[in-house]
Amino acid sequence: MDNLSELKNLVLAPYILKATALIGVSRKCGGNQFRHQFATLGILLDYKYINEPVLLKAALLHDIVEDYAEANLDEIRRIDADGNAVVCLILEVSKSKEEPKEVYLQRILEDGSRRAKILKCADRISNLTDLHLDTHASGKITSYLDQTEKYIIPMAEGVNPDFMKELKDLIKMRRKLCE
């Protein structure tokens, strides 16, 4: 099957319905987590991950565990044949409340699956796109950019050099904002 056929046959509607639970979860930059899930999916499609249905489905729900206390993972597992793999990937990229952010990122960098690293890179591209001085203090942005260079750039280097290029461009642009 070519990419267009794969995309035509990709069933995302049940995952989109589950993701609507995130409509009520606000983002500091404005909007809501539901739109962020779609932005992450869009980044993956832009980078031609069309033949990775588990990755695309997980993109729609990647923040559900962290941001929606009533998330029912068993319901997600039962959506379709990919459901269990989708839940496994969601859990792999989810940070527990007790886990410091640096430990979480180091865990994905060192032990994460290829899919987890790809999803984390797409997630970070979306987050960096939404990072602005009107919503975040300069020091917070600088810290986030440092963290991206330390953990996410090496992930991108290992999975997709084009991710690395976009991340570096976003870092450069955001650093200029902070000057």
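The values are calculated or read from the model by the stated rules, or taken from the named source; none is laboratory data. Keep in mind that what you see is a predicted model, and the values were worked out from it rather than measured. Here Cβ is always computed from backbone atoms with ideal geometry, including for glycine, and neighbour counts include all displayed protein chains.
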- Message: List the residue pairs whose Cβ atoms are under 7 Å apart, where the first residue sits in the range 142-169 and is more than 15 Å from Thr129 (Cβ to Cβ), the second is in a helix (DSSP H, G or I) and at pLDDT below 95, and the two are 6 or more positions apart or on different chains.
- Response: Thr142/Cys178
- Find the residue count for the range 21-67, including only residues that are among the hydroxyl-bearing types (Ser, Thr, Tyr) and either free of Cβ contacts under 8 Å to residues at least 40 places away in the same chain or within 14 Å of Val87 (Cβ to Cβ) (or both). 1
- Looking at Ser94, is it part of a loop (DSSP other than H, G, I, E, B) and small (Gly, Ala, Ser)? yes
- Query: Is it true that some residue in the range 26-46 is assigned to a loop (DSSP other than H, G, I, E, B), touching a helix residue (DSSP H, G or I) at 6+ places or on another chain (Cβ under 9 Å), at pLDDT 90 or above and surrounded by 14 or more Cβ atoms within 10 Å (Cβ to Cβ)?
  - Reply: no
- Could you please let me know if Ile23 is touching a Phe, Trp or Tyr at 6+ places or on another chain (Cβ under 8 Å), of a type outside the set (Gly, Ala, Ser) and outside any helix (DSSP H, G or I)? no
- Message: So, Val93, is that one within 24 Å of Ile141 (Cβ to Cβ) and free of Cβ contacts under 8 Å to residues at least 40 places away in the same chain or not?
- Response: yes
- What number of residues in the range 89-108 are surrounded by 14 or more Cβ atoms within 10 Å (Cβ to Cβ) and over 23 Å from Ile23 (Cα atoms)? 5
